[in-house]
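Asker: Have a look at this one before I ask anything.
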Amino acid sequence: GQQVMQIPQYQHVQEGEDFTTYCNSSTTLSNIQWYKQRPGGHPVFLIQLVKSGEVKKQKRLTFQFGEAKKNSSLHITATQTTDVGTYFCAGPGANNLFFGTGTRLTVIP
Amino acid sequence: EADIYQTPRYLVIGTGKKITLECSQTMGHDKMYWYQQDPGMELHLIHYSYGVNSTEKGDLSSESTVSRIRTEHFPLTLESARPSHTSQYLCASSEGWANTEAFFGQGTRLTVV
């Protein structure tokens, strides 16, 4: 079946350091979405990427969609304590949206 | 702010009880989903719906059932709760299948004792 793996599973960074999470799909994706879930909260949509090689930025966050549309990355520059949470990528399945395994980010002040 | 609501937020219930988790959205979305998530872990799709009178099982086998009699309402029922059902249940909806963002409710944290 379709699988979306994310690495790393956990990441601890010192505040101010950069952070990157990678998302890899076993199949080509028509698009990829990214969500953030704060501790104790629910996933919240961040962005959607559609085009091969697309790069989008949201302040300190940079999202990239691979040329082959099978992988994606989220990079946070100069992390802050407000960045704490689990970041999920999500891709379209046959009949639904399925989520990657997630990367849990801890930011140490 | 997304217009999708789940009740209750927290529920502690005894083994063998029947429970229904409520989910309602006011966005007119046809697509609705139920995910099960243990704290800090993956989201597992357990049910989804194309629209009224349509329900499908997701990737993760679940003893729960769902119904979709009205567009805005997608309740999940457990006929006989067990401790293994302890988890967080997240409801979501979207306008399209997988090319539009999914809006999540705040979740129901269920504990079966």
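Asker: How much length is gained on full extension from A:ASN24 to A:SER52, taking 0.36 nm per residue of separation minus their Cα-Cα distance?
Answerer: 8.7 nm
Asker: A 19 angstrom limit on the alpha carbon distance is what I want to check against. Which of B:LYS31/B:LYS57; A:LYS36/A:LYS59; A:LYS36/A:LYS57; A:LYS70/B:LYS57 exceed it?
Answerer: Beyond 19 Å between Cα atoms: A:LYS70/B:LYS57.
Asker: Carbon and sulfur atoms: what percent of the 1.4 Å accessible area of chain A do they account for?
Answerer: The computed percentage sits at 51.
Asker: Based on DSSP loop calls and a cut-off of at most 14 other Cβ atoms within 10 Å, the longest stretch of chain B free of exposed trypsin sites (Lys or Arg not before Pro) is what?
Answerer: That would be B:19-113.
Asker: From the phi of every residue in region A:19-35, what ³J(HN,Hα) in whole Hz does the Karplus formula 6.51 cos²θ - 1.76 cosθ + 1.60 yield, where θ is phi - 60° and glycine or proline is x?
Answerer: Karplus-based 3J(HN,Hα) across region A:19-35 equals 9, 9, 10, 10, 10, 10, 9, 7, 10, 5, 10, 6, 7, 9, 10, 10, 10 Hz.
Asker: Please give the contour-minus-distance gain from B:TYR5 to B:ASN53: 0.36 nm per residue of separation, less the Cα-Cα distance, rounded to one decimal in nm.
Answerer: 15.2 nm
Asker: Right, here's the next one. Within 10 Å of each candidate Cβ there may be at most 12 other Cβ atoms; applying that plus a DSSP loop requirement, which chymotrypsin sites (Phe, Trp or Tyr not before Pro) in region A:39-109 survive?
Answerer: Working: sites: A:PHE45, A:PHE63, A:PHE65, A:TYR87, A:PHE88, A:PHE98, A:PHE99; in loops: none.
Answer by residue number: there is no such site.
Asker: Work out the mean other chain Cβ neighbour count within 10 Å for the residues of A:97-104 and drop it here as an integer.
Answerer: For peptide A:97-104, the averaged partner shielding equals 5.
Asker: If the reach is capped at under 14 angstrom between alpha carbons, list the aspartates and glutamates near A:LYS51, excluding any in the same chain fewer than eight residues apart.
Answerer: Once the sequence-local aspartates and glutamates are set aside, what remains near A:LYS51 is A:GLU67.
Asker: Quick one: with all protein chains in place, what share of the accessible area of chain B is carbon or sulfur, to the nearest percent (1.4 Å probe)?
Answerer: 50
Asker: Here's a follow-up. Name the trypsin sites (Lys or Arg not before Pro) in region A:37-77 that are in a loop by DSSP and that have at most 12 other C-beta atoms within 10 Å, would you?
Answerer: For trypsin sites (Lys or Arg not before Pro) across region A:37-77 that sit outside H, G, I, E and B with at most 12 neighbouring Cβ atoms in 10 Å, the list reads A:LYS51, A:LYS59.
Asker: To the nearest hundred square angstrom, how large is the accessible surface buried between A and B, total for both chains, probe 1.4 angstrom?
Answerer: Using a 1.4 Å probe on protein heavy atoms, the buried area is about 1800 Å².
The values are calculated or read from the model by the stated rules, or taken from the named source; none is laboratory data. Since the model is a prediction, treat every value here as computed from it, not as a measurement. Cβ: placed from backbone, ideal geometry, glycine included. Neighbour counts: every protein chain shown. Please note that ligands, DNA and RNA were not included when accessible areas were found on the heavy atoms of the full protein model with its side chains. Shrake-Rupley method; radii C 1.70, N 1.55, O 1.52, S 1.80 Å.
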